[in-house]
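Presented below is the structure to which this report refers.
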Amino acid sequence: MEHVIEVNHLRKSFGSHEVLKDVHFTADKGEVTCIIGASGSGKSTLLRCINLLEIPDGGEVLFHGENIQSGKFSLPQYHARVGMVFQQFNLFNNLTVLKNCMLGQMKVLGRSAQESEQNAMRFLEKVGMAQYIHAKPKQLSGGQKQRVAIARALAMDPEVLLFDEPTSALDPEMVGEVLSVMQDLARTGLTMLVVTHEMGFAREVAHDVVFMDDGVITERGAPEQVLLHPQTPRLKEFLAKVL
Amino acid sequence: MPTTFFGWVGYLLDQYGSLFLRGTGTTLLIAIVGTILGFLLGLLVAIVRSIELDPRASGFKRALLKVAQAILGVYIEVFRGTPMIVQATVIFYGAQQVFNIRMPQMFAAIFVISINTGAYMAEIIRGGIISIDKGQTEAAHSIGLTHWQTMVSVVLPQAIRNIMPSIGNEFVINIKDSSVLNVISVTELFFQGKSAAGTYYRYFEAYFIVAVIYLCLTFTVTRILRFIERKMDGPDSYTVLGSTNDSHANFTVRKEG
């Protein structure tokens, strides 16, 4: 089976600090992969390198077998097909909920205003935010913002969605609403890479769980295997702290 | 001839009312056009100075950008580092002596004010751009917007809203500081006041009138700018469409505070 995303020998340093050391990783179509690990282990950096928000220092990221850093590869088109949901939501503060979900469709995909609006409404309904289309981001709660951010990413009809700790900045009572939206998405066959500390979500939804430790992937497998039968002492230690 | 202070004020207004009025008009025109052109110039300079090249860009592009950014840096240093009165004389008389170009006064006035304002605006706008959370740019890039699209649709609208008070400041400063352009004989308000004062040697009364007019201008402009700021913020409220029980029900939520 062809890998949607394949990461080979990925390296990234910030100054003298090596955050990613030779990371290998693949994601297959329709699979949900949860990336777990302690803070500073390189999880978010891996996700940001896949989306080129950080430029890798070495190695390669392949999208359907094509190197995303090669000169002829169209980055806007790549970004349209690989969406990202951020820990801090990052909704466009100057635009309403509806406009947030329309901007990329119109500017990047060249859709008409009408088509963009219909499509945006479809996903806003899906995440339960259709009632708030005229609100500005600062008027919404964290959980609402994150649901809009998910709708914004979905409105681009992506093949892959990257989630960078989507619930870490939320008040506890809002975590559930976002996770349940993500759970619904997982069932639609969307390829998802989720950096998370929500072990319950990883166990129930993920096809694959990846444990990162100090810049490398040390364990990978089905959730039961990784979460219930950890092999390395580091993972055992980590799970003992979070579970 | 009048004998009291206010008598003279009234007399000068009566005699030179249209002179003061024309001077006020010229001052306003120079200040408005100069601020707008200066803003556009500053916008351009700030955008070029904030470009971060794609690491795949060629060495030539890189060098070109470096040179452009260096030139713009010099422009800002020079025009922020010298008084406008000196800039006006150097440009106006310089063009005349060295290039044999005799600029019309109005043109020279707007030219000087625009490039002077542009230098300040460039730094104000750059500050506005920097103040916008990096997450906004990252989110825009993550859905495929280019640097330019991100600037126009996401960053600049927020940056410009944030720097509106500073832009207003520049406008008020331009209303007042355009008075130094009297050194190149621009018939703005101060120049006209000087003419009115000279005839009867009533300097105090004439400049008093000038001062009051300047104050009225700046006071009004400040109020108008506040109003524009509030307009830019958009409505405080939004309507929630439908409720869980009744899909036709709408209610309006007001912003706190």
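The values are calculated or read from the model by the stated rules, or taken from the named source; none is laboratory data. Here the structure is a predicted model, which means the values were calculated and not measured. With ideal geometry, Cβ positions are generated from the backbone for all residues, glycine too; neighbour counts draw on all protein chains shown. These accessible areas exclude ligands, DNA and RNA; they are computed on the full protein's heavy atoms, side chains included. Shrake-Rupley method; radii C 1.70, N 1.55, O 1.52, S 1.80 Å.
Would you check if there is a residue in region A:23-38 being open to solvent by 50 Å² or more (accessible area, probe 1.4 Å), in a strand (DSSP E or B) and at pLDDT 90 or above?
The answer is yes, given that some residue of region A:23-38 is open to solvent by 50 Å² or more (accessible area, probe 1.4 Å), in a strand (DSSP E or B) and at pLDDT 90 or above.
Working only within region A:138-170, note down all residues that are of a type in the set (S, T, N, Q) and part of a loop (DSSP other than H, G, I, E, B). Give the derivation first.
Step one: list which residues in region A:138-170 are of a type in the set (S, T, N, Q), which gives A:139, A:141, A:144, A:146, A:167-168.
Correct list: A:SER141, A:THR167, A:SER168.
Every residue in region A:90-106 that is facing another protein chain (nearest Cβ under 7 Å) and either at positive phi or charged (D, E, K, R) (or both), please. Even if it seems obvious, please write down each step before you answer.
Narrowing region A:90-106 to residues facing another protein chain (nearest Cβ under 7 Å): A:90, A:92-94, A:103-104.
Matches in region A:90-106: A:ASN90 only.
Mind counting the residues in region B:147-156 that are open to solvent by less than 50 Å² (accessible area, probe 1.4 Å) and at the interface with chain A (Cβ under 10 Å from one of its Cβ atoms)? Give the derivation first.
First, pick out the residues of region B:147-156 that are open to solvent by less than 50 Å² (accessible area, probe 1.4 Å): B:149-151, B:153-156.
Remaining after also requiring at the interface with chain A (Cβ under 10 Å from one of its Cβ atoms): B:149-150, B:153-156.
The qualifying residues number 6.
Provide a single number: the residues in region A:109-118 that are away from chain B (no Cβ under 13 Å) and either part of a helix (DSSP H, G or I) or buried (at least 20 other Cβ atoms within 10 Å of the Cβ) (or both). Before the answer, list the steps.
Filtering region A:109-118 down to residues away from chain B (no Cβ under 13 Å) leaves A:112-115, A:117-118.
Restricting the remaining residues to those that are either part of a helix (DSSP H, G or I) or buried (at least 20 other Cβ atoms within 10 Å of the Cβ) (or both) gives A:113-115, A:117-118.
So the answer is 5.
Just one of the numbered conditions (1) modelled with pLDDT under 85; (2) open to solvent by 70 Å² or more (accessible area, probe 1.4 Å) is not true of B:ARG226; which one?
Going through the list (1) modelled with pLDDT under 85; (2) open to solvent by 70 Å² or more (accessible area, probe 1.4 Å), B:ARG226 breaks only (1).
Among B:GLU170, B:GLU188, which is the only one that is among the acidic types (Asp, Glu) and either open to solvent by 10 Å² or more (accessible area, probe 1.4 Å) or within 30 Å of A:GLY110 (Cβ to Cβ) (or both)? Let's see the steps before the verdict.
Numbers: B:GLU188 fails: either open to solvent by 10 Å² or more (accessible area, probe 1.4 Å) or within 30 Å of A:GLY110 (Cβ to Cβ) (or both).
Among B:GLU170, B:GLU188, only B:GLU170 is among the acidic types (Asp, Glu) and either open to solvent by 10 Å² or more (accessible area, probe 1.4 Å) or within 30 Å of A:GLY110 (Cβ to Cβ) (or both).
Among the residues of region B:14-62, which ones are open to solvent by less than 30 Å² (accessible area, probe 1.4 Å), closer than 30 Å to A:SER70 by Cα and polar (S, T, N, Q)?
The one that is open to solvent by less than 30 Å² (accessible area, probe 1.4 Å), closer than 30 Å to A:SER70 by Cα and polar (S, T, N, Q): B:SER50.
Among the residues of region A:128-166, which ones are surrounded by fewer than 22 Cβ atoms within 10 Å (Cβ to Cβ), of a type in the set (S, T, N, Q) and more than 9 Å from chain B (Cβ to nearest Cβ)?
Within region A:128-166, A:SER141 is the sole residue that qualifies.
Scan (1) outside any helix (DSSP H, G or I); (2) touching a residue at least 60 places away in the same chain (Cβ under 8 Å) for the single condition B:GLY38 breaks and write down its number.
(1)
Given the options A:GLU54, A:GLU60, A:GLU18, name the one that is among the charged types (D, E, K, R), more than 9 Å from chain B (Cβ to nearest Cβ), part of a loop (DSSP other than H, G, I, E, B) and surrounded by fewer than 21 Cβ atoms within 10 Å (Cβ to Cβ).
Working: A:GLU60 fails: part of a loop (DSSP other than H, G, I, E, B); A:GLU18 fails: part of a loop (DSSP other than H, G, I, E, B).
Only one candidate qualifies: A:GLU54.
Tell me the residue from B:ARG161, B:ARG102, B:ARG126 that is open to solvent by 40 Å² or more (accessible area, probe 1.4 Å), over 13 Å from the mean Cα position of the chain (by Cα), within 12 Å of another protein chain (Cβ to nearest Cβ) and charged (D, E, K, R), please. Quick ask: steps written out before the conclusion?
Values: B:ARG102 fails: within 12 Å of another protein chain (Cβ to nearest Cβ); B:ARG126 fails: within 12 Å of another protein chain (Cβ to nearest Cβ).
Just one listed residue meets the conditions, B:ARG161.
Any idea which of B:ALA139, B:ALA108, B:ALA119 is open to solvent by less than 50 Å² (accessible area, probe 1.4 Å), under 30 Å from A:LEU53 (Cα atoms) and in a helix (DSSP H, G or I)?
Working: B:ALA108 fails: under 30 Å from A:LEU53 (Cα atoms); B:ALA119 fails: under 30 Å from A:LEU53 (Cα atoms).
Going through B:ALA139, B:ALA108, B:ALA119 in turn, just one is open to solvent by less than 50 Å² (accessible area, probe 1.4 Å), under 30 Å from A:LEU53 (Cα atoms) and in a helix (DSSP H, G or I): B:ALA139.
Condition test on A:GLN87, is it part of a helix (DSSP H, G or I) and either more than 23 Å from B:SER131 (Cα to Cα) or of a type outside the set (A, V, I, L, M, F, W, C) (or both)?
Details: part of a helix (DSSP H, G or I): no; either more than 23 Å from B:SER131 (Cα to Cα) or of a type outside the set (A, V, I, L, M, F, W, C) (or both): yes.
So A:GLN87 does not fit the description; no.
Please work out if A:GLY143 is over 15 Å from the mean Cα position of the chain (by Cα) and touching a residue at least 12 places away in the same chain (Cβ under 8 Å). Step through it out loud before you land on a result.
Values: over 15 Å from the mean Cα position of the chain (by Cα): yes; touching a residue at least 12 places away in the same chain (Cβ under 8 Å): yes.
Yes: the conditions hold for A:GLY143.
Restricting the search to region A:78-89, which residues are open to solvent by 30 Å² or more (accessible area, probe 1.4 Å) and more than 7 Å from chain B (Cβ to nearest Cβ)? Walk me through it before giving the result.
Taking region A:78-89 first, the residues open to solvent by 30 Å² or more (accessible area, probe 1.4 Å) are A:81, A:87-88.
Hits for region A:78-89 are A:ARG81, A:GLN87.
Name every residue in region A:168-190 that is without any contact (Cβ under 8 Å) to a residue 60 or more places away in the chain and either surrounded by 24 or more Cβ atoms within 10 Å (Cβ to Cβ) or in contact with a strand residue (DSSP E or B) (Cβ under 6 Å, 6 or more places away or on another chain) (or both), in order of residue number.
Start the filter on region A:168-190 by keeping residues that are without any contact (Cβ under 8 Å) to a residue 60 or more places away in the chain, which leaves A:170-185, A:187-188.
Of everything in region A:168-190, those that are without any contact (Cβ under 8 Å) to a residue 60 or more places away in the chain and either surrounded by 24 or more Cβ atoms within 10 Å (Cβ to Cβ) or in contact with a strand residue (DSSP E or B) (Cβ under 6 Å, 6 or more places away or on another chain) (or both) turn out to be A:VAL178, A:MET182.
Conditions tested, residue by residue: (1) of a type in the set (Val, Ile, Thr); (2) farther than 25 Å from B:GLN149 by Cβ.
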position	(1), (2)
B:THR24	yes, yes
B:LEU28	no, yes
B:ALA46	no, no
B:LEU64	no, no
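In region A:216-243, what residues are at pLDDT below 90 and either open to solvent by less than 40 Å² (accessible area, probe 1.4 Å) or within 14 Å of A:SER41 (Cβ to Cβ) (or both)?
A:LYS241, A:VAL242 - these are the residues of region A:216-243 that are at pLDDT below 90 and either open to solvent by less than 40 Å² (accessible area, probe 1.4 Å) or within 14 Å of A:SER41 (Cβ to Cβ) (or both).
Given B:SER131, B:SER166, B:SER153, B:SER142, which one is in contact with a strand residue (DSSP E or B) (Cβ under 7 Å, 6 or more places away or on another chain) and closer than 30 Å to A:PHE92 by Cβ? Walk me through it before giving the result.
Numbers: B:SER131 fails: in contact with a strand residue (DSSP E or B) (Cβ under 7 Å, 6 or more places away or on another chain); B:SER166 fails: in contact with a strand residue (DSSP E or B) (Cβ under 7 Å, 6 or more places away or on another chain); B:SER153 fails: in contact with a strand residue (DSSP E or B) (Cβ under 7 Å, 6 or more places away or on another chain).
So the residue among B:SER131, B:SER166, B:SER153, B:SER142 that is in contact with a strand residue (DSSP E or B) (Cβ under 7 Å, 6 or more places away or on another chain) and closer than 30 Å to A:PHE92 by Cβ is B:SER142.
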